[in-house]
Every structure is written in structure tokens, then in C-alpha cells.
Amino acid sequence: MIVFPALQSHAIVQLPTQCTTNVRVAEVKTVSNHSHSYVDATHKYKAWNLVFRHLNDVERATLTNFYLAAEGRLRTFRFLSPFENLHRHSDLMLAYWTADPQLLIQGSQTDAFGSLSAIRISNPTASAGRFVQLLDAPGWFRYTSSLYVSGSQLDCRLYAASVNESTGTKLTGGMGWTRTSVTFSGLSSSLSLQAGIEIGPFSEVTICGPQLEVSAAPSTYKQTDHRNGIYVHCRFDNDTLTWESEAVNSHSTQCVIITRI
Amino acid sequence: MPTLPLLRSGSSVQYPFVTRHKCTTEIIRFIDGSEQRFTQAGATRTWKISLSDLMPEEVIALDAFAQSNLANNDRFTFHDPVSGDVLNQCNLATAPIEIEHVGEQRASLSLIVIEAV
């Protein structure tokens, strides 16, 4: 599976970017020349209209090679929406997260937003334990992982790993909720990524609002359900990729990416 | 093999110019929303080159080259102005060749170069 590439700035898109959601409209024409149209609500589509301005030769070649690898509208690819949370069930529904067996988890704790989506994780053993989610996100992008934590004596860190490489940052707690983030990139060439939290020996922490995003800094928290910002069956909506070269090493183009949701 | 005449600057294009990569995907859509996709041919590249402020000798050379190419449908060599790749299987897709004389010793014309597959 090929992945829509990032620019040299690590950004996947340039602003402004237009994102639209639509439904399929089916039309049945009868032999009597009548037609019946109906909205097929089970077929929803999402589209991103991406406009790229003043890309350099390397970025142009990367995008062109990707377009040719996708063969225009023919093949599907993976696209990471830079406007969405890449975690599924950021409300910490445990079925979507993986916890090491030594961790004790209590759900339905009061969270930073006034509801009951926080969880308390305790580690009663002498070895660190991880509470993570495995994501279909390539290791070589730049990500920011963020999390709300509560607890005063924290021996925990935000954690992200891909194959044999990992990164993280120590969480700092306080009396109330504190949001901590870590930005990382270039973990590996693997197509999957683990992101979550590592709880140190004999530690306890209350967490909510995990967010992983393709950006240099954390944005406003966006709660997710079983859907996240990783779209694995995207296509180009056009069989033509047009570049306008304005000057040496300066090229502009536009493309539309669509996917069924 | 003939080569597209260069301008007096040594370049084959002026900025801005447009490059198109075209694929040919056929899609059969079914009433239940499913679909089948297949490709008819490989991707093609096209360059739309607009040249302005040309000197008479540049216009003469380009016009003669274009007339000859269009008459004989000869393939020629074109240097991709971005990648530098030497492409030996190119044709002109411009007909007729229109030359606009915009002033004394100054003219403009446009060419479309297509990489044959």
C-alpha cells in the first residue's frame, strides 16, 4: 500500500485545503424515460481538494512519482488527514487499545472535559507497562502526540514506537489536568506505528484525550469514535496531474483525493 | 534524431509552462455502488510551452521545425526542462502553428510537445 507523501516541510497539505463530505446519488432511468433519483446514505464520500503552490523540484518529483505509482484514478493509497486525530476511540474504549498485562485499569473517571471518558492506569509491578494503540500510520512522517494527564507523582511518558525505534517525553503532572505533547519524526520505514503512554514501576496516572496528528504542534483536541484520520482506501479523482512551472524550482499543482467513509 | 530548437538563451522553454501527466483509467460503476477499474494504456506526458519575445531567427527555426515535424510526423528529442531527462520519442501536438507578431522583431508562439508511448 502506498502512502500519500509529505512535503519537505513535513506538511502533507498546504493551506487553504477544502474538505467536503457527500453522499452518492443513484439514478434509475426507466424505459418510459422517467428517472428516479435517490440518496444512498450508505455510500458517503469524503474529498480533499489539495492545492500546492511553489513546490521545489524534489517535492514535485515526489508528488509526480506518487501519482504515477497510483496510476491516476486506478489504485488506492493511504492518506493521513492533517486535520483529524489519528487515534481511534480517543474516548479510551479499551477494546481499541492494547495494555500490557501487569497494568490495572479503571474506566469511567471524570475527564478534563466534564464527562466520564478518563481512565486510571496503575502499574503495581517493578517493570514499566505500556498502554498503546497500533495505527496504520507510516513511521517516517512527523507526528505530534498529546495527552491530558492528572496526578502529582508521575513516572510516566508519552510513548511512540515503530519496529525497533521508540521515542517519548516524560509527563509532568499537577493538581488538575495537564496536557503534554511530544513531536517526533523519522522513526522508521515501517507502515505502522504504536502510540500511547508508558507507565513506570509502581506508578499511577489518570489520562484522557489522547491525540496523534500529523503536525508540528498539538491542535485542539478532537474526540474520535471507531473512525480516525487515517484513510486507507483513497484515490485520486482525476486521471490528469497538471503542473504549472512559474520559475526555476517553483511549481504548482492541484489534486482531489476521494475516499468512501 | 532531430531536436527541438533551443532559444537564444539555450533553453527550450520559457516560464511559465505547463506539464501534464495523463493516465487512462476506465471505470465501470454498478448500481449497488461497487465498481471495477482498469487501465487502458501507460501514462503520457505533455508540455505546453508558450514562448514570447522571440527574435525572428528563433521564430524561423521553430516554425521550420514545427512544419517539418507536422508534415512528416517525425519523432524528435526533447529535454524535460525540470528533470533534465532526454526524451527521444516526442511529437508536436500543435496544429496549426500560430505565430503572433507583437512588435518589431518580437513574436510569440505556443507549442505542445507530447511524449509518445
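The values are calculated or read from the model by the stated rules, or taken from the named source; none is laboratory data. On a predicted model such as this, the values are computed, not experimentally measured, just so you know. Heads up, the Cβs are rebuilt from the backbone with ideal geometry, glycines too, and the neighbour counts pull from every protein chain shown.
Checking A:His226 against (1) in contact with a helix residue (DSSP H, G or I) (Cβ under 9 Å, 6 or more places away or on another chain); (2) more than 12 Å from chain B (Cβ to nearest Cβ); (3) modelled with pLDDT of 95 or more, which single condition isn't satisfied? It fails just one condition, (3).
Only a single criterion out of (1) assigned to a strand (DSSP E or B); (2) under 20 Å from A:Val3 (Cα atoms); (3) β-branched (Val, Ile, Thr) is not satisfied by A:Val58, namely (1).
Selection of segment A:231-254 for residues being among the β-branched types (Val, Ile, Thr) and more than 22 Å from A:Glu71 (Cβ to Cβ) yields only A:Val248. Among the residues in segment A:100-113, are any in contact with a Pro (Cβ under 9 Å, 6 or more places away or on another chain) and surrounded by 21 or more Cβ atoms within 10 Å (Cβ to Cβ)? For segment A:100-113, residues in contact with a Pro (Cβ under 9 Å, 6 or more places away or on another chain) and surrounded by 21 or more Cβ atoms within 10 Å (Cβ to Cβ): absent. Any chance you could count how many residues in segment A:166-177 are modelled with pLDDT under 90, in contact with a strand residue (DSSP E or B) (Cβ under 6 Å, 6 or more places away or on another chain) and either within 15 Å of A:Ala217 (Cα to Cα) or not in a loop (DSSP other than H, G, I, E, B) (or both)? The number of residues fulfilling the criteria is 4.
Among the conditions (1) more than 14 Å from chain B (Cβ to nearest Cβ); (2) part of a strand (DSSP E or B); (3) within 26 Å of A:Asp136 (Cα to Cα), the only one that A:Pro218 does not satisfy is (2). Taken as a whole, the structure leaves A:Phe79 outside the set of residues that are touching a helix residue (DSSP H, G or I) at 6+ places or on another chain (Cβ under 9 Å), assigned to a strand (DSSP E or B) and not acidic (Asp, Glu).
If you go through segment A:23-59 and keep only what is closer than 22 Å to A:Arg260 by Cα, polar (S, T, N, Q) and modelled with pLDDT of 90 or more, you end up with just A:Asn49.
Of the residues making up segment B:35-66, those that are loosely packed, with under 14 Cβ neighbours inside 10 Å and either at the interface with chain A (Cβ under 10 Å from one of its Cβ atoms) or closer than 19 Å to B:Ile114 by Cα (or both) are B:Phe38, B:Gln40, B:Ala41, B:Gly42, B:Ala64. Of all residues in segment A:50-91, exactly one satisfies the criterion of being polar (S, T, N, Q) and over 27 Å from A:Leu193 (Cα atoms), namely A:Asn56. In segment A:11-39, of all residues being free of Cβ contacts under 8 Å to residues at least 24 places away in the same chain and among the small types (Gly, Ala, Ser), the one that is nearest to the other protein chains (Cβ to nearest Cβ) corresponds to A:Ala26. When segment A:45-88 is limited to residues that are over 15 Å from the mean Cα position of the chain (by Cα) and basic (Lys, Arg), the one that is nearest to the other protein chains (Cβ to nearest Cβ) turns out to be A:Arg73. For segment A:147-176, the set of residues classified as in contact (Cβ under 8 Å) with a residue 40 or more places away in the chain and of a type in the set (Phe, Trp, Tyr) consists of A:Tyr148 only.
Note on segment B:80-100: among residues that are away from chain A (no Cβ under 14 Å) and in contact (Cβ under 8 Å) with a residue 60 or more places away in the chain, the one that is surrounded by the fewest Cβ atoms within 10 Å (Cβ to Cβ) is B:Asn88. Entry remark, segment B:6-22: residues being surrounded by fewer than 19 Cβ atoms within 10 Å (Cβ to Cβ), more than 7 Å from every other protein chain (Cβ to nearest Cβ) and either among the hydroxyl-bearing types (Ser, Thr, Tyr) or more than 13 Å from the chain's Cα centre (by Cα) (or both) number 6 in total. Can A:Thr42 be described as more than 11 Å from chain B (Cβ to nearest Cβ), out of contact with any Pro (no Cβ under 7 Å at 6 or more places or on another chain), surrounded by fewer than 14 Cβ atoms within 10 Å (Cβ to Cβ) and assigned to a strand (DSSP E or B)? No: the conditions fail for A:Thr42.
Of the set (1) touching an Asp or Glu at 6+ places or on another chain (Cβ under 8 Å); (2) surrounded by 10 or more Cβ atoms within 10 Å (Cβ to Cβ); (3) over 18 Å from A:Glu213 (Cα atoms); (4) not aromatic (Phe, Trp, Tyr), all apply to A:Gln8 but (3). Part of a loop (DSSP other than H, G, I, E, B) and of a type in the set (Val, Ile, Thr): does that describe A:Thr125? Here the answer is yes, as A:Thr125 does meet what is asked.
Residue count for segment A:223-245 satisfying the condition of being assigned to a loop (DSSP other than H, G, I, E, B) and under 11 Å from the mean Cα position of the chain (by Cα): 4.
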